[in-house]
Amino acid sequence: MGDDAKAKEFLDAADKRLRGGNFFKMFGGGSSRYDDAASDYTKAANLFKMSKKWDQAGAAFQKAAECFLKGSSKHDAASSYVLAAGCYKKGNVIDAITCLKAAIEYYTDEGRFAISAKHQKEIAELYEAEGDFDQAIASYQIASDYFDGENSTVSSHQCLLKIALFSAQLERYEKSIEIYEQVAAASLDNNLTQWGCKEYFLRACLCYLAADDVVGAERALQRYKDMQASFNSTRECRLLDGIIQACRNNNVEDFTNEVAEFNSISPLDSWKTSILLRIKNTINRETESVV
Amino acid sequence: MSYPPPVGDSIKLKVQASNDPEEAFTNRAYLPISSFSFLFPNVQSNLYTTNTNYIKIRVGANEYILSASPNKNMKPDSIALSKALRGWMYVSNNEEVYVEFYDPNPNICGSMKVSIDYLTKGKQGPKQDSQEIIGKIIDNFNSQYFTFGQLFYIKNSNSTFELRVEAVETNEVPTKDKGWAIISPATKIILQKMPGSLIDIETNGPLVVNQIFTSDWDFENMGIGGLDAEFRDIFRRAFSSRIFPPAIVKKLGVNHVKGMLLYGPPGTGKTLIARQIGKMLNGREPKVVSGPSILNKYVGQSEENIRMLFRDAEIEQKAKGDDSGLHIIIFDELDAICKSRGSRQGDSGVGDSVVNQLLAMIDGVESLNNILVIGMTNRKDMIDEALLRPGRLEVHVEISLPDEHGREQIFKIHTAKMRDQNALDKDVNLANYAHTTRNYSGAEIEGVVKSAASYAFSRQVDTKNIKNVEIKPEDIKVCDQDFKRAITEVTPSFGSTDNQFESYAENGIINYGPVFDKLLQSGNAFVEQVKKSNRTPMMSVLLSGRPGCGKSSLAATLAKSSEFPFTRIISPNDLLGYNESAKASKITKVFEDSYKSPMSCVVVDEIERLIEYVPIGPRFSNLILQTLAVLFKRTPPKGRKLLVIATTSNPDILKDMDIMDCFATVLSVPSISTAKEFQTVCFELGFTQKEASEAASFFTSPITIKQIIMIVEMARQEEGNFIDNFKMCLEDFNIRNF
């Protein structure tokens, strides 16, 4: 209980310092006043944090950040915004995002793209958790661009793959395919990452099929086989060969058999399951899709 | 890869899926109205849905001609193609294609061949009316362009069908756009099933002969000597119906022959026929399994092996139905697995279920129509009879011992290489050998050739110094003498057994007078009758007489002089120590074997010994008696002739046993009953003329030849005057006998 009351005291003290305004300004150094206030706000925020009052803690950090800004110590302001976002995250996503964006603004001004990319990714993850895939995609795209600018290819790819994942869920298969092919092509040259390519190829091909484009899938698969010779002998490739044939023959049983066989060795994740379900719907026996 | 954009008024459009299923069934490309009016500025809206607005689509280097229609709700710069069209053009969604106006060239289609299947492959449904489908093609696609390989959809009675153009033929040779033709109501549409399709439809295409035989196949090159007739039989029964298309055979309601049994003595070419059948067939290799290899130590595994043999056929039958190819399964030594059920004693019946499995596979509830099972055996009598009925192994072809013509062919086959290499001497006369090698089987003839070659080889080898071999290949010549020696060396298993006969007439036959002459004559008459007459294929003669009167010798001499290819003696000597049923089956075996030869003579020596008759009791073996009674009367198979000569020294018993009726004639072999005969016999036994007439004066009562010989030999052992000794011995003998 003590924490709460103490925090409020600090808040009041900080507010008072700011209100003191002009009077202090005349006598004391202008910036130190803001520094002190910010320090008080920070203390209050920490105390709120201890008593798990996340919203209040966030608000206090935010105020601290504003004070730092006024006191023109931008670096501290950005750190405070990040801390504020950390607290807001627990309940108030919108404010958390606003704080992160403020912090990113500062970091990009400073040219610290690595850290802004990290925070941008955090924003995207928040949107993702909220289920706002459009915003998440946009944020991941920015994060990916920042990472790319810093030459952290792996992180950039991670963001791109997320975009591909959501795009496919939003039935924007074209975008997904583009990303998977791009990532796969970039990963091929690297001894470490080339083993992940089969997964990207599989996903890209599934996207073609989900878009009911059998010819596209077949051509893509051929292309992938040419790109990576060892892909030919993978189980992924066999699965694709099998289900492309099944789609061509409009044969649901063959399709389910192929999938079940694959699943028995490497279990399918939820994304693949949902995409495969969509593909299965395109080869419905009763309606016999012809379009 | 990128191609330069074509020149002219073409527009670049992005491919997308059809807007709705109805569009897909029209086989037209759909364009947004802006693009459509750009390509067809003069087409009025009432002509939007006709098939006469042609466009040319370029995908990469390929060009396609389609009819086009506008659709108001499409995105600009897009073109909607159905799944069939995209599959045919091999173009994926969002791919860019170039589209231009196409000025039609009137290539009117005379006939178009189309194959059909359900869109959902492997689907089965009610029978489809082909006329209705053809009508729909004409109605829906009138004045559209078609070309080889094009895919399109049609809806009929709630099912969607995928059709593929197999061929288009134009009435006139087109000036441009070869291979493309416009469908008109006059076009003849030929409908056929897609390979592997299960669609039930009456196709109207030309009937195709099933190509089950390889094209360069003919009887001559097969290397099956002397089996032409059998092979023609096999062909007619098992293969001729399969040459016709399934539709025709179905119309006649004929089921194909599913099984065939080749039987006959060993070495006559059954396996060879099976091997050749495999060679003459197109494509699928027949599965050749020897019976015993099916068996497995685990219970149930043998049945599983049988099922495995039929699995391929089953899968193809399910997939293709009547169009399935022919699966041939050849069982060598079928008797190993298909013994009559319940015939084995001390058996748990495990083997019986193999038979059951085979029965079920060939003609069970879920019977296959695409199999031909060929069983081969030399024990047809042991095969379970359920397997032999029509519907299962219904065609029984006997592969018997080759005739003279066949033997010559076989000789030719086996000496073909020698002749090519010029290793046959000029005096070699194959026709002659074919004549002498009666009852030789194919394998035995091969043995003769091998043996003859071995003589030729051995001439090159100095046996005293085996290391000193000078090989002069051009000197290896197989000559007439080699063949003759080889023929005496290799004896046929179904030939005559000369040694045995010689032991029966060790001292030859003594013609002691007119009585004997008559006997010999009538014996020979029977032999001639069997040889010449077609009405009496079976002759049985009984020789009766006192023991030692020369019945057996006479029988053996008759048999030997008859020159029948197959001669056998059944004598109690050879059956010593066997039990009753073993004896019976041995006797039966000899008769069964005789049926395999065109002409045979069986001598049954001392019937009363064979049936184990003893006067005290009296006792005898009824089993053997009945066996003999049946065998003596049984007529051999068509074309086979048999002479049975039986001997007995106790005809009264035989009469009581009711076996006399089995014989056509009874010849009684008398003892020596006159002094004149006695004199002749003595003379033949080495007496001088004087001694013989003196000896004849001692003759008092009938005596058998054997007894005379014994007395003569006894007298020769004694010292002193031979004639006195002879007289003494004879008197002694008479006293002992009476």
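Things to note:
- Charge dipole (debye, nearest 20) of the protein assembly as shown; +1 at Cβ of Lys and Arg, -1 at Cβ of Asp and Glu: 800 debye
- Simple label model, 7 Å out from Cα along Cβ direction - B:D656 to B:M308, nm: 6.3 nm
- The stretch between A:D269 and A:D12 holds 87.3 nm of extra length on full extension. This uses 0.36 nm per residue minus the Cα-Cα distance.
- Rounded percent of accessible protein surface that carbon and sulfur make up, the protein assembly as shown, 1.4 Å probe: 51 percent
- Positive-end ranking of B:V354, B:G196, B:F25 along the dipole of the protein assembly as shown, with charges on Cβ about the Cα centre, is headed by B:F25.
- Estimated dipole of the stretch B:11-101 in Debye, rounded to 20 [Cβ of Lys and Arg +1, of Asp and Glu -1, Cα centre]: 60 debye
- Among beta bridges from DSSP that stay inside chain B, the antiparallel ones total about 40%.
- In chain B, Cα pairs under 8 Å separated by at least six residues give a relative contact order of 8 percent.
- Computed from the Cβ-Cβ distance with R0 of 56 Å, the FRET efficiency linking B:E713 to B:V299 stands at 0.25.
- Subtracting the Cα-Cα distance of B:I243 and B:T488 from 0.36 nm times their residue separation leaves 83.5 nm of extension gain.
- FRET efficiency for the B:Q689 to B:Q521 pair, using the beta carbon distance and R₀ = 25 Å, is estimated at 0.40.
- Legend: distances between Cα atoms for A:K16/A:K49; B:K297/B:K339; B:K127/B:K287; pairs beyond 27 Å are B:K127/B:K287.
- Inter-site label distance for A:R235 and A:N191 at 7 Å from Cα along Cβ, in nm: 2.7 nm
- Inter-centroid distance (Cα atoms) of the stretch B:591-651 relative to the stretch A:45-102, Å: 121 Å
- Shielding by other protein chains, B:156-162, mean Cβ within 10 Å: 2
- For the stretch B:70-84, a reduction of at least 30 Å² in accessible area between the chain on its own and the assembled protein chains (probe 1.4 Å) is found at B:K83.
- In the B-A interface, the accessible area buried, summed over both sides, Å² (probe 1.4 Å): 1900 Å²
- Pairs from B:K518/B:K551; A:K8/A:K52; B:K560/B:K638; A:K101/A:K121; A:K89/A:K272; B:K426/B:K467 whose Cα-Cα separation, in the structure shown, is over 19 Å: B:K560/B:K638; A:K89/A:K272; B:K426/B:K467
- Cα centroids of the stretch B:1-80 and the stretch A:125-177: 36 Å apart.
- Neighbouring Cβ atoms from other chains, within 10 Å of the Cβ of residues in B:87-94, number 5 on average.
- In this calculation the C-beta distance from A:E130 to B:Y48 is compared with R0 = 45 Å, giving a FRET efficiency of 0.40.
- Placing unit charges on the Cβ atoms only, positive for Lys and Arg and negative for Asp and Glu, gives the stretch B:487-624 a dipole magnitude near 420 debye about its Cα centre.
- Spin-label model distance (nm) - B:D425 vs B:N369, 7 Å beyond Cα toward Cβ: 6.2 nm
- GluC sites (Glu not before Pro) restricted to the stretch B:532-598 and DSSP loop, no more than 16 other C-beta within 10 Å: B:E563
- Accessible area per residue in Å² at 1.4 Å probe, computed on the protein assembly as shown: 49 Å²
- Fully extending the segment from B:T674 to B:K176 would add 167.6 nm, taking 0.36 nm per residue of separation and subtracting the current Cα-Cα distance.
- Residue list for the stretch B:46-77, given a label point 7 angstrom along the Cα-to-Cβ vector of B:N105 and an amide N cut-off under 15 Å: B:55-57, B:63-66
- Positive-end residue, chain B charge dipole about Cα centroid, Cβ charges, pick of B:W180, B:I79, B:S561: B:I79
- Dipole orientation for chain A: of the candidates A:M50, A:T108, A:I265, A:M50 has the Cα lying most toward the positive pole (charges on Cβ; Lys, Arg +1; Asp, Glu -1).
The values are calculated or read from the model by the stated rules, or taken from the named source; none is laboratory data. None of these values were measured; they are calculated from a predicted model. Reconstructed Cβ throughout: ideal geometry from the backbone, glycine too, with neighbour counts over all protein chains shown. What goes into the accessible areas is simple: the full protein's heavy atoms, side chains included, and nothing from ligands, DNA or RNA. Shrake-Rupley method; radii C 1.70, N 1.55, O 1.52, S 1.80 Å.
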